[in-house]
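K.L.:
Below you will find the structure I want to go over with you.
The values are calculated or read from the model by the stated rules, or taken from the named source; none is laboratory data. As the structure is a prediction and not an experimental result, all values here were calculated from the model. Every residue, glycine as well, gets a Cβ built from its backbone with ideal geometry; the counts of neighbours run over all protein chains shown. Accessible surface is based on the protein model in full, side chains and every heavy atom, while ligands, DNA and RNA are left aside. Shrake-Rupley method; radii C 1.70, N 1.55, O 1.52, S 1.80 Å.
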Amino acid sequence: STTVTVPSGATLDVASGATLDTTGATVTGLTTGSLIKVAGTDVTSDISAVELQSCFNTTYDSYMMVVRRAIPATNNQDLQMQIMTGTNTVVSATNYFYAFRYFEDTGSVGGPTDDNGTFFKLAGSVTNTEQDGGFSGSYLINVDKTDSAGNSFKISGTGGVRNVNGDLTAYWGAGVYNDTTSDVSPTGLKFTVASGNVSKIQVTVYGIAE
């Protein structure tokens, strides 16, 4: 194996159009401000719940999550998300606080809220029609792994869906799991719909290198 060392204070310059390939390598001490993929899943057939493991660790405090074409098997469903602290270990205490406002192309406004829920409701009225494209959204997630007295989990972001009435619905908002990292230290996420199975969903989580 070969080790390439860039001296302290020096600059490693990758020319425009070039690629720095670190596949299979361990890179340390490199600050890039990049998005680093840490977990992902792509479900294409009916399943009761979708678990995404090993999303969160002590390397990053902030993450970007992208949800693409979440489609329920049964029409007109809510998309729900819970945090996990290990495989098959779902956090379902009534500490989920959220407010996700929506604005429809009809001018109608509203949105799901809760201050003692057992999950985050990211969206409602999601159709099972492939052409509608399901629900998609992007979110900033903060997990304060470096401070045991810090907040367990916080999420904010935007999304969109064509609902069962055929109206384009834009969502924006935030949620927080109201506990400390020492009590609840998230490692993963679980996605479900209010009734029935998840037909399709793609979720990717990236760590944000500071």
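K.L.:
Quick check: at a probe of 1.4 Å, how many percent of the accessible area of the range 108-156 sits on carbon and sulfur atoms?
P.N.:
The nonpolar share, carbon plus sulfur, comes to 43 percent.
K.L.:
Another question, if that's okay. Using the crude model of +1 on Lys and Arg Cβ and -1 on Asp and Glu Cβ, and no other charge, please compute the dipole size for the chain relative to its Cα centre, in debye to 20.
P.N.:
Using Cβ point charges on Lys, Arg, Asp and Glu, the chain gives about 180 debye.
K.L.:
Would you kindly find the accessible area of SER136, with a 1.4 Å probe and non-protein molecules such as ligands, DNA and RNA excluded, rounding to the nearest 10 Å²?
P.N.:
Accessible surface of SER136 is approximately 40 Å².
K.L.:
On to the next question. Rounded to the nearest 0.05, what FRET efficiency do VAL66 and SER45 have when you use their Cβ-Cβ distance and R0 = 25 Å?
P.N.:
My answer for the efficiency is 0.75.
K.L.:
Express in Å², to the nearest 10, the accessible area of THR106 obtained by rolling a 1.4 Å probe over the protein heavy atoms while all chains stay in place.
P.N.:
Roll a 1.4 Å probe over it and THR106 shows about 90 Å².
K.L.:
Restricting to Cα pairs below 8 Å that are 6+ residues apart, what does the relative contact order work out to for the chain? Please round to a whole percent.
P.N.:
Reported relative contact order: 35 percent.
K.L.:
Now for a different question. Ignoring ligands, DNA and RNA, what percent of the 1.4 Å accessible area of the range 57-107 is carbon and sulfur?
P.N.:
Answer for the range 57-107 is 46 percent, counting heavy atoms of protein chains only.
K.L.:
May I ask which residue of PRO112, THR181, THR204 lies farthest towards the positive end of the charge dipole of the chain, with charges of +1 (Lys, Arg) and -1 (Asp, Glu) on Cβ and the Cα centre as origin?
P.N.:
Value: THR204.
K.L.:
Gaussian network model of the chain, Cα springs within a sub-10 Å range: biggest mean-square fluctuation belongs to which of THR192, THR85, THR58?
P.N.:
Between THR192, THR85, THR58, it is THR58 that shows the largest mean-square fluctuation.
K.L.:
Solvent-accessible area per residue for the chain at a 1.4 Å probe radius, Å²?
P.N.:
Roughly 52 Å² per residue, with all protein chains present.
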